[in-house]
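Asker: Below is the structure I would like to discuss, written out as structure tokens.
The values are calculated or read from the model by the stated rules, or taken from the named source; none is laboratory data. Since the structure is predicted, the reported quantities are computational estimates derived from the model, not experimental observations. Don't worry about glycine lacking a Cβ; one is built from the backbone with ideal geometry, like all the others, and counts go over all protein chains shown. Side chains are part of the model used for accessible areas, which takes the heavy atoms of the whole protein and leaves out ligands, DNA and RNA. Shrake-Rupley method; radii C 1.70, N 1.55, O 1.52, S 1.80 Å.
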Amino acid sequence: MDLEKVLTDRLAPAFAAVAGEPVDPVVRRSQHADFQSDAALALARRLGRAPRAIAAEVRDRAELADLCAAVEVSGPGFLNLTVADRALGELVAALAADPRLGVPVVAEPETVVVDYSAPNVAKEMHVGHLRSTVIGDAAARTLAWLGHRVSRANHLGDWGTPFGMLIEHLIDRGEAEAAQELSIGDLDGFYATARRKFDDDTAFRERSRRRVVALQGGDPATVRLWRLLVTQSESYFLTVYDLLDVTLSRADFRGESTYHDLLTPTVDELDRLGLLRRSDGADCVFPPGSVGRDGEPLPLIVRKSDGGYGYPATDLAALRHRTGTLGATRLLYVVGLPQRRHFEMVFATAAQAGWLAPPARAEHVGFGSILGPDGRMLRSRAGGAVKLVGLLTEAVQRATALTRERNPELGEAEAAEVGRAVGIGAIKYADLSSDRHKDYVLDWERMLALDGNTAPYLQYAYSRIRSIFRRAGVAALPGAVVTPVEAAERVLAIELLGFPAVVEEVADSLEFHHLAAYLHRLASAFSAFYERCPVLRTEGAVRESRLALCEVTARVLHQGLDLLGIGTPERL
């Protein structure tokens, strides 16, 4: 059903026969026909023949009569391919008949660990957590839909020296009052007060340090208080995830504490393998190729000079567990680009140790920052980090107000539901429609616009199709014959057939802006079709064909947006 792949498969044998070796036909969309093959131009010098002559021979050899209405040699040696209306209709009908819209379940599913979101216990989630959470969830959704065994790993910061002061502050406040403070989401206030006491009060600071020792030693009373902090924080995180509509659950929390007992065995194994070296009193690994700006080897410190463990040891222990115990073969770390060097060194060390050997591989799914209208890092009016709950709430409020303005007939409950879907969708789409390697500007007006490459534009296209079926008085048209004839119908049909290839590519690259761009092209093609090809004012076979095109368009939009974690309201 992937039309570009079908054409490639038909042309490849003909090019191979002409060239005497396999050749990529290089099929792509064209302004001069439906598709175009450029491969003859690259072959000309190698074969010492005119590219037009090569293209003509390929045209004569290729078996395209049942698929193309015209195959023409154009310009210096292009092959222009126009798909026959009948073939186009049959392919779209096959897509419509497939519950998975032409996207097969993978033949060999992998165990994939997606490490994303990763907030810190006793701290509120801020805008810096948004991209990891949104991108990671899209990756988890997409790979799970394709049939992979996906394990979501929310790597919480729930261990280390700050918990000494947090537990002591909890004791000072009283468990009941502290739990109440944490339950209403004032984690930042709780943390800030503990920090001030630690900085200003010598006795408190000493108590905090002793409490860290007690925690690391497994003192039951201390562990119980620590667990109270973690549980209250996790409950807060889950409210944020519910608002953001992501698939993370309580079962997905994988705090740093999870790997605490694995740290010493992990570092001991590095030592047995001969990979540890002492440097300034610390135990380090020097991964190959890791050098600093001065050209000197750069160490990965796995055990500090005081005997404590840092992030590298925890990440290595987690990776070793994921490949060795969970049997994962694809590890995704959805973390900001500033951590690129850290993960390169961790992955290189794991490879040296044999914990990351083919077919297992690890990928740093890096991303840029969210900027304000001034082009700088997005900050609150007070100059601090923007709280994520506040950002999401504002998005929903803005979208709900716009929904009521555009569709005053909606009841309060439905307007609120639509406002949430549109507001959260706008936030997610602004992120996922951008190249994740780059920074992007959070612009409310652009994000919530009903035109342009935005979530509301795609959601509106979907709701418009649903309104067509409500007015037609039918829910679906199973088995309808599709006969695209008009130019706008053909463009829409060709776009629909591109869905499987886009999903396959995005599952590999995790470049979700390619899926977003495809969905925008599809919605734009539908808009042109809607304007130029009446649906309900026609009758008979034409009406059924156009309704079928509408139906499969709605299904592709719904499925594509669902992979991005974006809802599709029936009314907008």
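Asker: Pick from region 53-68 the residues that are open to solvent by 90 Å² or more (accessible area, probe 1.4 Å) and of a type outside the set (G, A, S): which of them is farthest from T8 (Cα to Cα)?
Answerer: D60
Asker: Give the residues of region 26-52 that are within 18 Å of V83 (Cβ to Cβ) and open to solvent by 40 Å² or more (accessible area, probe 1.4 Å), sorted by residue number.
Answerer: V26, R28, R29, Q31, H32
Asker: Does any residue in region 297-308 that is more than 18 Å from A353 (Cα to Cα) come within less than 7 Å, Cβ to Cβ, of a residue that is at pLDDT below 95 and in a strand (DSSP E or B) six or more places away or on a different chain, and which pairs are these?
Answerer: Listed by first residue and then by second, the contacts come to P297/V291; K304/A282; S305/A282.
Asker: In addition: Against the definition (open to solvent by 50 Å² or more (accessible area, probe 1.4 Å) and free of Cβ contacts under 8 Å to residues at least 40 places away in the same chain), how does A144 come out, yes or no?
Answerer: Answer is no for this residue.
Asker: Has region 99-113 got any residue that is under 30 Å from R320 (Cα atoms), of a type outside the set (S, T, N, Q) and open to solvent by less than 10 Å² (accessible area, probe 1.4 Å)?
Answerer: Yes.
Asker: If I filter region 14-25 for residues that are part of a loop (DSSP other than H, G, I, E, B), open to solvent by 20 Å² or more (accessible area, probe 1.4 Å) and touching a helix residue (DSSP H, G or I) at 6+ places or on another chain (Cβ under 6 Å), do I get at least one hit?
Answerer: Yes: region 14-25 contains one or more residues that are part of a loop (DSSP other than H, G, I, E, B), open to solvent by 20 Å² or more (accessible area, probe 1.4 Å) and touching a helix residue (DSSP H, G or I) at 6+ places or on another chain (Cβ under 6 Å).
Asker: Within the bounds of region 391-399, is there any residue that is of a type in the set (S, T, Y), over 30 Å from T349 (Cα atoms) and not in a loop (DSSP other than H, G, I, E, B)?
Answerer: yes
Asker: Before we move on, is G136 over 22 Å from T247 (Cα atoms) and either of a type in the set (K, R) or not in a strand (DSSP E or B) (or both)?
Answerer: It is false that G136 is over 22 Å from T247 (Cα atoms) and either of a type in the set (K, R) or not in a strand (DSSP E or B) (or both).
For (1) among the basic types (K, R); (2) loosely packed, with under 12 Cβ neighbours inside 10 Å; (3) at pLDDT 95 or above, each residue gets a yes or a no:
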residue: R210; (1), (2), (3): yes, no, no
residue: G218; (1), (2), (3): no, yes, no
residue: S235; (1), (2), (3): no, no, no
residue: D242; (1), (2), (3): no, yes, yes
residue: T247; (1), (2), (3): no, no, yes
residue: F253; (1), (2), (3): no, no, yes
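Asker: I'd like the full set of residues that are open to solvent by less than 50 Å² (accessible area, probe 1.4 Å), in contact with a strand residue (DSSP E or B) (Cβ under 9 Å, 6 or more places away or on another chain) and without any contact (Cβ under 8 Å) to a residue 60 or more places away in the chain, limited to region 262-285.
Answerer: L263, T266, V267, L276, S279, A282, D283, C284
Asker: Looking only at region 324-345, count how many residues are in a helix (DSSP H, G or I) and either charged (D, E, K, R) or more than 19 Å from D137 (Cα to Cα) (or both).
Answerer: The qualifying residues number 9.
Asker: Hey, among T258, T264, T239, which residue is part of a helix (DSSP H, G or I) and touching a Leu at 6+ places or on another chain (Cβ under 9 Å)?
Answerer: The match here is T258.
Asker: Quick test for you: out of A153, A192, pick the one residue that is open to solvent by less than 30 Å² (accessible area, probe 1.4 Å) and either of a type in the set (K, R) or not in a loop (DSSP other than H, G, I, E, B) (or both).
Answerer: A153
Asker: Taking region 286-335, which residues are open to solvent by less than 70 Å² (accessible area, probe 1.4 Å), at pLDDT 95 or above and of a type in the set (S, T, N, Q)?
Answerer: T314, T323, T329
Asker: Are there any pairs with C-beta distances below 7 angstrom linking a residue in region 189-214 that is closer than 11 Å to E168 by Cα to a residue that is outside any helix (DSSP H, G or I) and at pLDDT below 95, with the two at least 6 apart or on different chains, and if so which?
Answerer: V212/T161
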